[in-house]
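The values are calculated or read from the model by the stated rules, or taken from the named source; none is laboratory data. Keep in mind the model is a prediction, meaning the values are calculated, not measured. Virtual Cβ from ideal backbone geometry, glycine too; neighbours counted across all protein chains shown.
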Amino acid sequence: MDSHKNRFSSSYINISLYIMIAKCKLAKNLNNRKETILHIMQKFRLLLVMLCAFSLTVFSQENESQEDNSDIIRIVGKLTNKQNNEPIPFANVGVIGSYIGAASNLDGIFEFKIPGKYSEKMIQASAVGFSTFTAKVSECTQVDTLEIVLTPKNYNIGEVEVMAESLVLQKRIKTALERIPDNYLQTPFNYDVYYRSEKFENKELNRLREAAVRIYDDKGYQRADAYQVFKERGYRFLQVRKNFEPASLADGSTFLDELLEMDIVRSRGNVLNGNHISFYDLKLDQITEYENDSIWVISYKSKRPMLSNTGDYYAKSYSGKLYIKTKDYAVIKNETHVVATNYSPQGRSFYVNENRQKWQPLKIEYDFSVTYKQHSGRYYLSYVNYKRHHELKEKETGIPKSIDINTEMLITKINTENPEIIEKRAYYENMPFDKKFWDSYNIIFDGE
């Protein structure tokens, strides 16, 4: 009896212990659940606050964007040469202390759209070989067309410059190459650019395309060969407008790759190739001025045009002018004229199977001009202009045809902090027209 009673007492104690443990675990689980629920509620409240803040930020940004668009200052102007009253094309027009800018067209006319917050800033118009114009933005809006007259700035070349000219000029170009890491950005960045291209067949316009494009450069101005530079740059289209609807992949393609190749400071396949300097005849053309700094204008002509020093597979003549600052040896402009024997639709550096060509090339030549601009102590690409002229004959019928391509690229914005990484190139653009965007975007003036 006693032993049975003891076993019962022991069992009772064990059961009580189990119940107590179970209660403790249940209480702990309930507490954990309460903590979990409280934690979830805290996270939900935090998420709600963040969503509200994000909504307010987006609303604020939209309002700010609308205010900016509604408060755009529009300046239309014309630049002329004081000496002969001729227009000054491809001049830089910008707000001092910012990178927003425009460029004059072939008639010297520009249209500049400026956010209202810059009304008390200074506007500057400059062109290589001329004096520099500056005035307050608010003062420039008081006339319908701002007439800007620039004075030519050229200096006599002394006899010391002529002696041993070729060796002296080779040294200057090599020094300009050595100074690239000091003068040009060496880290990743974005360019926002305005792109425009026109295609004429027998002098009739049949293709017009304008686009806003974002370009990413993974290495900045760290020089490399053409293939390496190609891999380090990507781009995407932000907005597009055109006078035609693409019917094929070729219709949707652009000349952006070739325009980027013409950035001679970035790539080696041009006159700025240290290994090929001796392949050029060099001459000091003049000493002039740009934005109040003295400039050497060095004319060059290739004695041995090759793909590696021209970027063109079929180049037979390659000549031009380099503009180098005397102060810091920065290359601020290049002008090049090329005569070629053939051309591939894939680009000027590609080979063509002539047996498969429908049209026989009779004459092919082109010009390109590249300008650089200083901002925050570094130089960047500012503007590229590219014009091609082809004269062809249909092989079967002998019917002649001429093709003219005018294309240009104006840098409108630079982002060096947290740039958007764009790994690929968008070879085909297809997006709807956005009128609101184009109303406030800086373009090359077309007279409208």
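Things to note:
- Complete set of residues in the stretch 150-181 that are modelled with pLDDT of 85 or more and either part of a loop (DSSP other than H, G, I, E, B) or within 24 Å of G97 (Cβ to Cβ) (or both): L150, T151, R179
- Checking each residue in the stretch 287-318 for being in a loop (DSSP other than H, G, I, E, B) and acidic (D, E) picks out E291, D312.
- Considering (1) surrounded by fewer than 17 Cβ atoms within 10 Å (Cβ to Cβ); (2) in a helix (DSSP H, G or I); (3) not polar (S, T, N, Q), the lone condition that I277 does not fulfil carries the number (1).
- Any hit, the stretch 224-232, residues being β-branched (V, I, T) and free of Cβ contacts under 8 Å to residues at least 60 places away in the same chain: yes
- If only residues of the stretch 182-206 that are free of Cβ contacts under 8 Å to residues at least 40 places away in the same chain and not in a loop (DSSP other than H, G, I, E, B) are counted, the one that is farthest from S382 (Cα to Cα) is E204.
- Residues that are in contact with a Leu (Cβ under 8 Å, 6 or more places away or on another chain) and not in a strand (DSSP E or B), drawn from the stretch 344-391: S349
Rundown of residues vs (1) aliphatic (A, V, I, L, M); (2) in contact (Cβ under 8 Å) with a residue 60 or more places away in the chain; (3) surrounded by fewer than 20 Cβ atoms within 10 Å (Cβ to Cβ); (4) part of a helix (DSSP H, G or I), yes/no style:
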{"position": "L259", "(1), (2), (3), (4)": "yes, yes, no, yes"}
{"position": "L272", "(1), (2), (3), (4)": "yes, yes, no, no"}
{"position": "D285", "(1), (2), (3), (4)": "no, no, yes, no"}
{"position": "N342", "(1), (2), (3), (4)": "no, no, yes, no"}
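- Residues that are in a strand (DSSP E or B) and basic (K, R) within the stretch 207-220 comprise R207, R209, R214, listed in sequence order.
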